[in-house]
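Remarks on the structure that follows.
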Amino acid sequence: MRRLTRDRIKYELEQPNGSAALAGDPGIDKIALCDETLAMFLEEGIGSSLLARLAKSRTYMLRMSMNPELIPTVRNALASENPKLRRNSARLLGLISKDEADTQLLARSLFTEDTRFVRPSLLLALGAIGGPGAQAVLDAYEPAPPADETEQKHYDDECEALKLARVTAMKHEKHTFIGLDKEYEIELMAPDQLSERLKAELEELGFSAYDIKRDSLKVKTNDYLGLFDARCFREALFPIVFGTSLRPDRLAAKVRPFMERFMKATHEGTPPYRYRIEIEGESTDTTALKKEIRDAIDAGYQKKPEIVNAPSNYEMELRIVSAGNASRVYLKLYTVKDERFAYRLETIPASMNPSTAAAVLQLASEYLTVNARVIDPCCGSGTLLFERGLLSPCETLTGVDIAHRAIDAARRNAEAAVRMGVKLAKFVCNDIIRFECRRPYDELICNLPFGHRVGTHSSCALLYDALLKKIPELVRRGGIAVLYTMEFTLLKNLIKENPQLEILKQERTESGGLMPMIFILRVK
């Protein structure tokens, strides 16, 4: 952990625009403030932009690194003549204190503060400290109306901070999912053009799928937890309303009763239940629309709300797919933890989506065998290899990658995969073209590097050509290779030029806006 020392701060702040430069340092989130540095910030009132960023982004590190003896310094700074310093001190006090005395101090500061842009930080600090005292202050407080149009933005910021602070200050009960009270329609989102693989998987588990589209399907069931025995879907959503407009009052009138009834019927505990709003699709200003919908939902309560908007501590998500008058609205549940991919402790930028990996292997399942010896020549963090081990027992699982970072991540993930019943995989840091095996494998599975990830189309051409020539050495005659790539035209042409490889099946799919293809090959 880097330490931000007094000498370095003084040097940087003597440079042109030094405070802003420090705040923009990409490594700043890995810095813990030294006690003397924090004292300097507060006492001298310098570096406010850096202090503000640290207060926002490194809450945990600040709590862990701060000396309690500095708290009086933070408190004293609330009386500074510098309004920016008062604002930053309030932010920090909210992060580090749970003292009722600080609630009273912040309350006095709030009701005497005459600079409008400071008040939101005082409100948020009260919310962060929480407790009955802070709740009473926040319930009693009303922002003063703007004196003129120049104060409108500050007034809006204050109102927004008050809403958030009131929610944050609440004592949030943890609600436990107890099961669905009846059959619900549930939409499962699948990798593009692989929904038929999900359908087959669900049918093996006893679920009937319908309304099958290229990237989703639906089931009607009261066994929500049972759905998570299937691996080929990204997420499960409860449809609330389809074909609706996004007029906030009408939308709120439809979604609020559903969320209230659903949470009461399916969870232990009492209201309020916490939600956030997520908007996808056609919307020019999602932030403003979220606020309008939230305010419309809040307006439906005359007394204590049964659902509250808590975007940093939510139990369900109101998912809105915006499409004009044909918008779709779903509920996504977060009180049930999805443990299907618990082996993914670490990932790398090119890591494959695990539900896509599962669907790709389901597509190839009729060609794969039990107790196979399996190799992944570009294994990354190991996702495809672990999904192969979960599909059916394997004699050995071997991953090869040229990147040390990928191998380190895969080895850590492998230990977690063992706890899920996967045979311990072996990982080798090497160039697959130079890799030598004593005995050919039964199966080769690979998420091949795409052009933009390895540099150029030419880079892919060289790698793919060399790998295809290597496959007959790595895989026994009659063995199977499953290859997944965006460079499908290149790969297909190279396969045709290799007389030792036969295409058994190919299928297009989608991943992150790209359109990869899956090839299933047999070694002749």
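The values are calculated or read from the model by the stated rules, or taken from the named source; none is laboratory data. Model, not experiment: these values are computed from the prediction. In this analysis, Cβ positions are derived from the backbone assuming ideal geometry, glycine residues included, and neighbour counts consider all displayed protein chains. Each accessible area value is taken on the protein alone, full model and side chains, heavy atoms only, with ligands, DNA and RNA left out. Shrake-Rupley method; radii C 1.70, N 1.55, O 1.52, S 1.80 Å.
Structure above, values below:
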{"read-out": "Those residues of region 74-124 which are basic (Lys, Arg) and out of contact with any helix residue (DSSP H, G or I) (no Cβ under 9 Å at 6 or more places or on another chain), in sequence order", "value": "Arg108"}
{"read-out": "Which listed residue, of Lys98, Lys84, is under 17 Å from Asp157 (Cβ atoms), basic (Lys, Arg) and surrounded by fewer than 19 Cβ atoms within 10 Å (Cβ to Cβ)", "value": "Lys84"}
{"read-out": "Tally of residues being open to solvent by 30 Å² or more (accessible area, probe 1.4 Å) and out of contact with any Asp or Glu (no Cβ under 8 Å at 6 or more places or on another chain) across region 315-327", "value": "2"}
{"read-out": "Strands (runs of 3 or more DSSP E) completely within region 349-434 that count 2 or more residues being open to solvent by 10 Å² or more (accessible area, probe 1.4 Å) and closer than 22 Å to Glu473 by Cα", "value": "394-401, 426-429"}
{"read-out": "Boolean, Ala107 is out of contact with any Asp or Glu (no Cβ under 9 Å at 6 or more places or on another chain), small (Gly, Ala, Ser), farther than 21 Å from Cys159 by Cα and outside any loop (DSSP other than H, G, I, E, B)", "value": "no"}
{"read-out": "Odd one out for Val336 among (1) at pLDDT 95 or above; (2) crowded, with 20+ Cβ neighbours inside 10 Å", "value": "(2)"}
{"read-out": "Selection within region 448-464 - in a helix (DSSP H, G or I) and either open to solvent by 60 Å² or more (accessible area, probe 1.4 Å) or modelled with pLDDT of 70 or more (or both)", "value": "His452, Arg453, His457, Ser458, Ser459, Cys460, Ala461, Leu462, Leu463, Tyr464"}
{"read-out": "Residue that is surrounded by the most Cβ atoms within 10 Å (Cβ to Cβ) [pool: residues in region 126-157 that are part of a helix (DSSP H, G or I) and in contact with a Leu (Cβ under 8 Å, 6 or more places away or on another chain)]", "value": "Leu126"}
{"read-out": "Test: residue in region 304-314 that is in contact (Cβ under 8 Å) with a residue 40 or more places away in the chain, of a type in the set (Ser, Thr, Tyr) and surrounded by fewer than 13 Cβ atoms within 10 Å (Cβ to Cβ)", "value": "yes"}
{"read-out": "Selection within region 204-231 - under 23 Å from Val360 (Cβ atoms), within 23 Å of the chain's Cα centre (by Cα), assigned to a loop (DSSP other than H, G, I, E, B) and modelled with pLDDT of 95 or more", "value": "Ala230, Arg231"}
{"read-out": "Subset of region 313-348 [in a strand (DSSP E or B), among the hydrophobic types (A, V, I, L, M, F, W, C) and more than 25 Å from Glu387 (Cα to Cα)]", "value": "Met316, Leu318, Ile320, Val321, Ala323, Val329, Leu331"}
{"read-out": "Test: Leu123 is assigned to a helix (DSSP H, G or I) and in contact (Cβ under 8 Å) with a residue 40 or more places away in the chain", "value": "yes"}
{"read-out": "Scan of region 179-198 for residues that are open to solvent by 30 Å² or more (accessible area, probe 1.4 Å) and in contact with a Leu (Cβ under 6 Å, 6 or more places away or on another chain), ordered by number", "value": "Arg197"}
{"read-out": "Selection count where residues are closer than 23 Å to Thr266 by Cα and in a loop (DSSP other than H, G, I, E, B), scope region 289-302", "value": "2"}
{"read-out": "Extreme residue, farthest from the chain's Cα centre (by Cα), among residues of region 183-203 that are free of Cβ contacts under 8 Å to residues at least 60 places away in the same chain and under 30 Å from Thr270 (Cα atoms)", "value": "Glu183"}
{"read-out": "Among the residues listed as Leu494, Leu521, Leu483, the single one being buried (at least 17 other Cβ atoms within 10 Å of the Cβ), farther than 19 Å from Leu368 by Cα and not β-branched (Val, Ile, Thr)", "value": "Leu494"}
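Residues checked against (1) among the hydrophobic types (A, V, I, L, M, F, W, C); (2) within 26 Å of Gln500 (Cβ to Cβ):
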{"site": "Asp408", "(1), (2)": "no, no"}
{"site": "Arg419", "(1), (2)": "no, no"}
{"site": "Phe427", "(1), (2)": "yes, no"}
{"site": "Lys470", "(1), (2)": "no, yes"}
